[in-house]
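Reading through the structure tokens given below for one structure.
The values are calculated or read from the model by the stated rules, or taken from the named source; none is laboratory data. It should be emphasised that the depicted structure is a prediction, and the values quoted were computed from it without experimental measurement. Every residue, glycine among them, receives a Cβ derived from its backbone with ideal geometry; neighbour counts consider all protein chains shown.
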Amino acid sequence: MTTGKLIDGKAFAAQLRERVGTYVPAFHQAQGRAPGLAVVLVGEDPASAVYVRSKGKATREAGMESFEHRLQDDVSQGDLMAIVAQLNADDAVDGILVQLPLPDHIDDKAVIAAIDPAKDVDGFHVVNAGRLAVGEEALVPCTPLGCLMLLKDHLGDLAGLDAVVIGRSNIVGKPMAQLLLQESCTVTMAHSRTRDLEAVVRRADIVVAGVGRAEMVRGDWLKPGATVIDVGINRVAGAQEGKTRLVGDVATAEALAHVGAITPVPGGVGPMTIACLLRNTLVAAHRRAGMPDPEGL
Ligand code: GUN
């Protein structure tokens, strides 16, 4: 029985954050300020509050400036748009992230469209999605960018490999497919209407699962030696009464008997997202200042 390797996203993310931090002093020297990231949180969603806190902490640890805007649940569309406009105009702000999901009364598409594409470190603006699609310099969504980094670190050149992306969201699936295509993979996008997903997954050298369905991909679906990136974070009932635990979209323990390597949940893709946010903020800061992109990030 083969035993696959667990890909240590936590360790890779820690290294990436450290590398990002090494570029900050030279930027500060050249520009008289550190790169700055503004995060906007609307309402009190506990999971979002945790993410925002850890983003702020990671930003400061990398030596960058963190600006946090916490707004009431019932903030108006106009007031939120005014804050985005103010952050667009603020030269100390290189990156703007509006934490999703937003309350139902807010038009999230309009909010994202209002962000200056040069500061759109989430890569959600249609200008950045379009640039990615046509292969121009873009800010790329953090989660798929982190997945690609882990894949390249593990596999090296991805050209010619069969990749299956499960999930077609604008945040994960679509940009992930674009990135894999750019690496010359043969890309299949699977989703909730795909027929015989098992057969589609079985031919893949690379599987990226981001659908939010606990352990949907079973171990025996996977091609022997495949590399699996599990983007899912699903909370399920734990072994003990009243306890919960996190699982991915892939049945990890089963998969380890088949795959070459797989990212664990937690500790795989999750830590990469924040590290890539810092990376995107640093890159946005350099581009806005007319400086060349930092190398090797
Ligand atoms: N909510 C969950 N993940 C993300 C993310 O990557 N960006 C934003 N803006 N909101 C999120």
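Output the residue which, of all residues in the stretch 127-176 that are touching a helix residue (DSSP H, G or I) at 6+ places or on another chain (Cβ under 6 Å) and among the polar types (S, T, N, Q), is nearest to ALA285 (Cα to Cα). Among those that are touching a helix residue (DSSP H, G or I) at 6+ places or on another chain (Cβ under 6 Å) and among the polar types (S, T, N, Q), it is ASN128. Within the stretch 35-45, the set of residues being within 13 Å of the ligand (Cβ to nearest atom) and surrounded by fewer than 18 Cβ atoms within 10 Å (Cβ to Cβ) comprises GLY43, ASP45.
Among the residues of the stretch 206-264, write down those that are of a type in the set (D, E, K, R) and surrounded by 24 or more Cβ atoms within 10 Å (Cβ to Cβ). If the condition is that a residue be of a type in the set (D, E, K, R) and surrounded by 24 or more Cβ atoms within 10 Å (Cβ to Cβ), then ASP230, ASP249 are the ones that fit.
The rows are residues; the columns are (1) on the phi > 0 side of the Ramachandran plot; (2) of a type in the set (A, V, I, L, M, F, W, C).
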| position | (1), (2) |
| --- | --- |
| ARG70 | no, no |
| ASP108 | no, no |
| ASP122 | no, no |
| GLY130 | no, no |
| GLY135 | yes, no |
| ALA163 | no, yes |
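Could you list, in sequence order, the residues of the stretch 72-101 that are farther than 17 Å from VAL121 by Cβ, within 14 Å of the ligand (Cβ to nearest atom) and surrounded by 14 or more Cβ atoms within 10 Å (Cβ to Cβ)? Listed by number, the list holds a single entry, LEU80.
Per-residue answers, yes or no, for (1) more than 16 Å from the ligand (Cβ to nearest atom); (2) of a type outside the set (Val, Ile, Thr); (3) on the phi < 0 side of the Ramachandran plot:
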position: GLY248; (1), (2), (3): no, yes, yes
position: THR252; (1), (2), (3): yes, no, yes
position: GLY268; (1), (2), (3): no, yes, yes
position: ARG288; (1), (2), (3): yes, yes, yes
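Any residue in the stretch 131-141 that is away from the ligand (no atom under 14 Å from the Cβ), among the basic types (Lys, Arg) and not in a helix (DSSP H, G or I)? No: zero hits.
Listed by first and then second residue, the pairs linking a residue in the stretch 90-104 that is free of Cβ contacts under 8 Å to residues at least 60 places away in the same chain and within 23 Å of ARG287 (Cβ to Cβ) to a residue that is more than 7 Å from the ligand (Cβ to nearest atom) and basic (Lys, Arg), with Cβ atoms under 9 Å apart and 6 or more places separating them unless they lie on different chains, are ASP91/ARG33; ASP91/ARG288; ALA92/ARG33; VAL93/LYS119; ILE96/LYS119.
LEU150 passes every criterion in (1) free of Cβ contacts under 8 Å to residues at least 60 places away in the same chain; (2) more than 15 Å from the ligand (Cβ to nearest atom) apart from (1).
For the subset of the stretch 113-128 comprising residues that are surrounded by fewer than 22 Cβ atoms within 10 Å (Cβ to Cβ) and either assigned to a helix (DSSP H, G or I) or free of Cβ contacts under 8 Å to residues at least 24 places away in the same chain (or both), which member is nearest to the ligand (Cβ to nearest atom)? Checked the stretch 113-128; the qualifying residue nearest to the ligand (Cβ to nearest atom) is HIS125. Summed over the stretch 159-178, residues that are aliphatic (A, V, I, L, M), more than 14 Å from the ligand (Cβ to nearest atom) and surrounded by fewer than 20 Cβ atoms within 10 Å (Cβ to Cβ) total 2. With in a helix (DSSP H, G or I), farther than 21 Å from CYS276 by Cβ and touching a residue at least 40 places away in the same chain (Cβ under 8 Å) as the only criterion, which of VAL24, VAL84, VAL20 stands out? Just one listed residue meets the conditions, VAL84.
So for the stretch 58-66 (the condition being within 16 Å of the ligand (Cβ to nearest atom) and among the basic types (Lys, Arg)), does at least one residue qualify? No, the stretch 58-66 contains no residue that is within 16 Å of the ligand (Cβ to nearest atom) and among the basic types (Lys, Arg).
Only one entry of LEU16, LEU87, LEU80, LEU6 meets the criterion of being among the aliphatic types (A, V, I, L, M) and in contact with a strand residue (DSSP E or B) (Cβ under 6 Å, 6 or more places away or on another chain), and that entry is LEU87. In this entry, PRO141 is excluded by the filter for residues that are surrounded by fewer than 17 Cβ atoms within 10 Å (Cβ to Cβ) and either within 23 Å of PRO46 (Cα to Cα) or at pLDDT 95 or above (or both). Is at least one residue of the stretch 179-201 crowded, with 21+ Cβ neighbours inside 10 Å and either hydroxyl-bearing (Ser, Thr, Tyr) or at pLDDT below 95 (or both)? Looking for residues that are crowded, with 21+ Cβ neighbours inside 10 Å and either hydroxyl-bearing (Ser, Thr, Tyr) or at pLDDT below 95 (or both), one finds none in the stretch 179-201, hence no.
Once the stretch 1-34 is narrowed to residues that are surrounded by 16 or more Cβ atoms within 10 Å (Cβ to Cβ) and β-branched (Val, Ile, Thr), the residue that is farthest from ARG287 (Cα to Cα) is ILE7.
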